[in-house]
Amino acid sequence: MPFNRRQFTQAATALAAVGTSSMVFAADTLKIGYVSPQTGPLAPFGEADKWVIDQMNTAFKNGLTVGGKKYDVQIILKDSQSNPNRAGEVANDLILKDKVALVLTAGTPETANPVSDACELNEVPCISSVVPWQPWFFGRKGDPAKGFNWTYHMFWGLEDVIANFTNGWKTVATNKKVGGLFPNDGDGNAWGDKELGFPKPLAAMGYTLNDPGRFQNGTQDFSAQIAAFKKDGVEIVTGVVIPPDAKTFLTQAKQQGFKPKVITLGKALLFPGAIEALGDLGEGLTTEVWWSPSHPFASSLTGQSAKALAEAYEASAKKQWTQPIGFAHALFEVASNALSRAKTLKAADVRDAVAATSIATVVGPVKWGGGGPFKNVSKTPLVLGQWNKGKKYKYELTIVNNETAKSIPTGGAIKAM
């Protein structure tokens, strides 16, 4: 039976008396869940999330209209603590306790995969990012013929990172001997996979890969790997490691007299804080660049260019821009766009709207069912960057190869270390 105004006022007053007046409006609140690593070794991936969510609270301050009805927007941030089990737990909390309409997640397979799995199982729509699509899709036992029903992903793939790394290496005179650092985790197992990862394409290009085998994250001793690389005359080091492991490896390599010409690592070298922590070891390191102020894209939500978004972060957070800003922002762009097109807040209607997305975001175009290898994957562009002594900050990331994404301008050429 619908309330009349007097009954509504009485109910609101009664609830206010026990401090729960917000419950009256709960039905008119659209909840978006966000899971990322706020703490633990993967925390640099989530460093900018609170800033982005503050920005989104401003963007959504007047609410969001879904199916002709206006809703207040509540964004609920959960910390995966860099732990896959924890990521799955907090995703279930968002779904079962908070009753979110949509889940967003980012920051390596250790966060995005268990969150995506929880959403798939509970039939709640989810958009994920900041995981190469192979560890996200195949790491979750995805069937290329079927794909997934509730989970959608936006990022680049291993084919893109391999192309960028090797495009950079080709411009430096080396003996084409590569040492691989692939840990025993979702990324390491995918990057080192003989079929899906680096070994096959490197061999086809005439590189020899020395892969000493998987190691555990948090390893304190890389002597065995360094000895193997030295014995083999390795001149290029690559892999995908967490920031603390990169510091351990690079420090020990210097101590043990191992001096490769090129060091190109995924994951560990993405963040200015991690590079600064390396001191003088940071100069000349190369890494993939998924987003930067140089990217020629703008936000569909705020109209900010990539450059303006990075500058806003630096001015407000008093820190150097970091790559995940762009993708955290873009996840909300896609969420807002999909929700505004959804017929209702029913899970299937939101999911159908997500699947039909085709928009230009601050990280580039996002489109499922045509923008990637499978219906659940939309690929975004990737280039190669190098950390050099900076003007404003101690080290700054310069784009040094854009052969796979010509629209993103370079700022210089790769230099041997």
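The values are calculated or read from the model by the stated rules, or taken from the named source; none is laboratory data. Here the structure is a predicted model, which means the values were calculated and not measured. Reconstructed Cβ throughout: ideal geometry from the backbone, glycine too, with neighbour counts over all protein chains shown.
Conditions tested, residue by residue: (1) assigned to a loop (DSSP other than H, G, I, E, B); (2) in contact with a His (Cβ under 9 Å, 6 or more places away or on another chain).
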residue	(1), (2)
A338	no, no
D352	no, no
G372	yes, yes
L397	no, no
V400	no, no
A413	yes, no
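Looking only at the range 139-161, filter to residues that are in contact with a helix residue (DSSP H, G or I) (Cβ under 7 Å, 6 or more places away or on another chain) and over 20 Å from L331 (Cα atoms); which one of those is surrounded by the fewest Cβ atoms within 10 Å (Cβ to Cβ)?
Filtering the range 139-161 for residues that are in contact with a helix residue (DSSP H, G or I) (Cβ under 7 Å, 6 or more places away or on another chain) and over 20 Å from L331 (Cα atoms), the one surrounded by the fewest Cβ atoms within 10 Å (Cβ to Cβ) comes out as R140.
Please state which of the following conditions G188 fails to meet, knowing it meets all the rest: (1) assigned by TED's automatic domain parsing to the domain that holds F45; (2) buried (at least 24 other Cβ atoms within 10 Å of the Cβ); (3) of a type outside the set (S, T, N, Q).
Unmet for G188, out of (1) assigned by TED's automatic domain parsing to the domain that holds F45; (2) buried (at least 24 other Cβ atoms within 10 Å of the Cβ); (3) of a type outside the set (S, T, N, Q): (1).
Report the residue count in the range 334-361 for those that are farther than 20 Å from N122 by Cα and surrounded by 22 or more Cβ atoms within 10 Å (Cβ to Cβ).
Adding up the residues that qualify gives 3.
When you check K61 against the structure, is it in a loop (DSSP other than H, G, I, E, B), basic (K, R), more than 18 Å from the chain's Cα centre (by Cα) and surrounded by fewer than 21 Cβ atoms within 10 Å (Cβ to Cβ), yes or no?
Numbers: in a loop (DSSP other than H, G, I, E, B): yes; basic (K, R): yes; more than 18 Å from the chain's Cα centre (by Cα): yes; surrounded by fewer than 21 Cβ atoms within 10 Å (Cβ to Cβ): yes.
Yes: the conditions hold for K61.
Can you give me the number of residues within the range 362-393 that are touching a residue at least 12 places away in the same chain (Cβ under 8 Å), of a type in the set (D, E, K, R) and surrounded by 15 or more Cβ atoms within 10 Å (Cβ to Cβ)?
Number satisfying all stated conditions: 2.
Given the criterion outside the structural domain of T111 (by TED's automatic domain parsing), part of a loop (DSSP other than H, G, I, E, B) and touching a residue at least 40 places away in the same chain (Cβ under 8 Å), identify the matching residue among L265, L269. Give the derivation first.
On the way: L265 fails: part of a loop (DSSP other than H, G, I, E, B).
Selected residue: L269, the only one of L265, L269 that is outside the structural domain of T111 (by TED's automatic domain parsing), part of a loop (DSSP other than H, G, I, E, B) and touching a residue at least 40 places away in the same chain (Cβ under 8 Å).
Which condition from (1) in a loop (DSSP other than H, G, I, E, B); (2) touching a residue at least 24 places away in the same chain (Cβ under 8 Å) is the one that E195 breaks?
It is condition (2) that E195 fails.
What number of residues in the range 352-411 are touching a strand residue (DSSP E or B) at 6+ places or on another chain (Cβ under 7 Å) and basic (K, R)?
Number of matching residues: 2.
Looking at G218, G206 in this structure, which one is more than 28 Å from the chain's Cα centre (by Cα) and not in a helix (DSSP H, G or I)? Explain how you work it out, then say what you get.
Values: G218 fails: more than 28 Å from the chain's Cα centre (by Cα).
Criteria check complete, one pass: G206.
Confirm whether K176 is touching a helix residue (DSSP H, G or I) at 6+ places or on another chain (Cβ under 9 Å) and over 27 Å from T361 (Cα atoms). Don't jump to the end; show me each part of the working.
Working: touching a helix residue (DSSP H, G or I) at 6+ places or on another chain (Cβ under 9 Å): yes; over 27 Å from T361 (Cα atoms): yes.
Answer is yes for this residue.
If you scan the range 316-351, which residues turn out to be of a type outside the set (G, A, S), more than 20 Å from A106 (Cβ to Cβ) and touching a helix residue (DSSP H, G or I) at 6+ places or on another chain (Cβ under 9 Å)? Steps first, please.
If we filter the range 316-351 for residues that are of a type outside the set (G, A, S), which is where we start, we get 318-325, 327, 329, 331-334, 337, 339, 341, 343-346, 349-351.
Now restrict to residues that are more than 20 Å from A106 (Cβ to Cβ): 318, 341, 343-346, 349.
R341, K343, T344, L345, listed by residue number.
So for the range 112-120 (the condition being crowded, with 24+ Cβ neighbours inside 10 Å, touching a His at 6+ places or on another chain (Cβ under 6 Å) and either in contact (Cβ under 8 Å) with a residue 60 or more places away in the chain or part of a strand (DSSP E or B) (or both)), does at least one residue qualify?
There is no residue in the range 112-120 that is crowded, with 24+ Cβ neighbours inside 10 Å, touching a His at 6+ places or on another chain (Cβ under 6 Å) and either in contact (Cβ under 8 Å) with a residue 60 or more places away in the chain or part of a strand (DSSP E or B) (or both).
Considering P244, P201, which residue is touching a residue at least 60 places away in the same chain (Cβ under 8 Å), surrounded by fewer than 18 Cβ atoms within 10 Å (Cβ to Cβ) and part of a helix (DSSP H, G or I)? Give the steps one after another, and end with the answer.
Details: P201 fails: touching a residue at least 60 places away in the same chain (Cβ under 8 Å).
Within the list P244, P201, the selection yields P244.
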